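Read the structure below first, then the notes.
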Amino acid sequence: MDLSAVHAALSSKYYSVLASLCDDLLLQAASRGAATDDWPYAVHLLAHLFLNDLNSARFLWKSTPQEAKDARPEIAAVWRIGQCLWIRDYAGVYTIAQGFEWGPEMADFVAAFLEIYRKRIFQLLTSAYSTINVADVVHFMGMNEENATNYAIQHGWSLDVTTKMLTVVKPKVKTNQKLDVSKLQRLTECVFHLEH
């Protein structure tokens, strides 16, 4: 089975394309009846988690052969991250991801996953809170107190040192760009030429 496209995407850090790439290649292999003993299940599973596609990750986990799960601890470690995501155990995601000894192919991918996950959680906190305790941010962001506070401050939040509360700053809503007359004229001409 040719996995060069998967390895190329990993080495180029094109993580967002890995899930669909792996899905397609696994489907092709299954349709040809090819053996999937060397299938990169851990990469495939993490690719779905990277895209926050828990349902596809669960389906892949259920269809992964038990022999592969037993023989490759990385697969089980990625699945434990998925389980934490499923039950919203925010701290558990970081504990498992940072506590496992990942192979060289997976280490950068896991780091990228944690980065995008942290951004998602921060966006969630930004939309859900107007003020939040630093300890809660530490819990949700998987950082120590100093790093979590600095991260929040770098993103515009403010800290009340006496109460250890962070004041959330909501991002400004972008207004739609006004359409000037010249752009409207070009659009009209383009549509006119397409119709004739």
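Placing 101, 67, 145 in order of accessible area, with the largest value first and a 1.4 Å probe, yields 101, 67, 145.
Of the whole protein surface, residue 16 contributes about 70 Å² of accessible area at a 1.4 Å probe radius. Using only DSSP helix segments of four residues or longer, with each worth -39500 (n - 2.57), what per-residue ellipticity at 222 nm results for the chain after dividing by its residue count and rounding to 500? The per-residue figure over the chain is -20500 deg cm²/dmol. Going toward the positive end of the dipole of the chain, with +1 on Lys and Arg Cβ and -1 on Asp and Glu Cβ, which of 49, 116, 126 do you reach last? The residue sitting farthest along the positive end of the dipole is 126.
Computed with every protein chain present, the accessible area of residue 113 is close to 0 Å² [probe 1.4 Å].
With R₀ set to 41 Å, the beta-carbon distance separating residue 8 from residue 135 gives a calculated FRET efficiency near 0.45. In this simple spin-label model, placing a label point 7 Å from the Cα along the Cα-to-Cβ direction at both residue 27 and residue 123 gives a separation of 2.6 nm. Give, as a single signed number, the net charge of other residues whose beta carbon lies under 12 Å from the beta carbon of residue 81, with Lys and Arg counted +1 and Asp and Glu -1. Residues near residue 81 contribute -1 overall.
Take the Cα pairs of the chain, get the Kirkwood Rh, then feed it into Stokes-Einstein at 37 °C and 0.692 mPa s and tell me D in µm²/s. The calculation lands on 166 µm²/s. Across the range 1-82, Cα pairs under 8 Å and at least six residues apart give a relative contact order of 27 percent. Solvent exposure of the chain, expressed per residue, is 62 Å² of accessible area, with all protein chains present and a 1.4 angstrom probe. With contacts taken as Cα pairs under 8 Å and at least 6 residues apart, the chain reaches a relative contact order of 14 percent. Just to verify a number: FRET efficiency for residue 105 and residue 159, C-beta to C-beta distance, R0 = 41 Å, to 0.05? Computed FRET efficiency for residue 105 and residue 159 comes out at 0.55.
Full-extension gain between residue 147 and residue 17, please, as 0.36 nm times their residue separation minus the C-alpha to C-alpha distance. That pair, residue 147 and residue 17, stretches by 43.8 nm at full extension. For the range 107-117, the Karplus equation 6.51 cos²θ - 1.76 cosθ + 1.60, evaluated at θ = phi - 60°, returns couplings of 4, 5, 5, 5, 4, 5, 4, 4, 5, 5, 5 Hz by residue, with Gly and Pro reported as x. Each of 97, 30, 76 was scored by the projection of its Cα onto the charge dipole of the chain, and the greatest displacement toward the positive side belongs to 97; charges sit on the C-beta of Lys, Arg, Asp and Glu.
For the range 81-171, with all protein chains in place and a probe radius of 1.4 Å, 55% of the accessible heavy-atom surface sits on carbon or sulfur.
The values are calculated or read from the model by the stated rules, or taken from the named source; none is laboratory data. These numbers come from a predicted model, not from an experiment. Don't worry about glycine lacking a Cβ; one is built from the backbone with ideal geometry, like all the others, and counts go over all protein chains shown. Ligands, DNA and RNA are excluded from the accessible area calculation, which covers all protein heavy atoms including side chains. Shrake-Rupley method; radii C 1.70, N 1.55, O 1.52, S 1.80 Å.
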